[in-house]
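What follows is calculated from the coordinates using simple rules that are stated; it is not laboratory data. All values reported here derive from a predicted model rather than from experimental measurement.
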Amino acid sequence: METRDKQVLRSLRLELGAEVLVEGLVLQYLYQEGILTENHVQEINAQTTGLRKTMLLLDILPSRGPKAFDTFLDSLQEFPWVREKLKKARKEAMTDLPAGFKQFTCLRLPSCWEY
């Protein structure tokens, strides 16, 4: 999963937890498409609340390959308002940097090195 998509999931984590029920079609679609393994599905279903299930899914998704975010979007057929919110956040994240530029961290030189 691309860094910007991970950031989108992180920034909307609490909203997704409150608005998405991953039981049912979401999990089954992600399993069908090879994003989740059978063990992932069992681990998520073992959680005691819907919120915990969604949070665990959000913890797993970033490590599931380059198609994970788009497949997650596709799985949200029952939650079109959530899908649109994610698409909008992704589009905004894409326009934050000019094309071809990647985000990096600047290091500041110690003050004793300044002239």
Inset, instruction - Enumerate the aspartates and glutamates that Lys85 could reach by cross-link, defined here as Cα to Cα under 16 Å, with residues fewer than 8 away along the same chain left out. - result: Asp5, Glu15, Glu19, Asp70, Asp74
Legend entry - ³J(HN,Hα) computed for each position of the range 2-8 - Karplus, 6.51 cos²θ - 1.76 cosθ + 1.60, integer Hz, glycine/proline x: 5, 4, 5, 5, 4, 5, 4
Inset, instruction - For the range 52-58, just list the computed ³J(HN,Hα) in residue order, Karplus coefficients 6.51, -1.76 and 1.60, θ = phi - 60°, integers in Hz, with x standing in for Gly and Pro. - result: 5, 5, 5, 4, 5, 4, 5
Legend entry - Phi-based couplings in Hz for the range 66-71 (Karplus 6.51, -1.76, 1.60; Gly and Pro marked x): x, 8, 4, 5, 5, 5
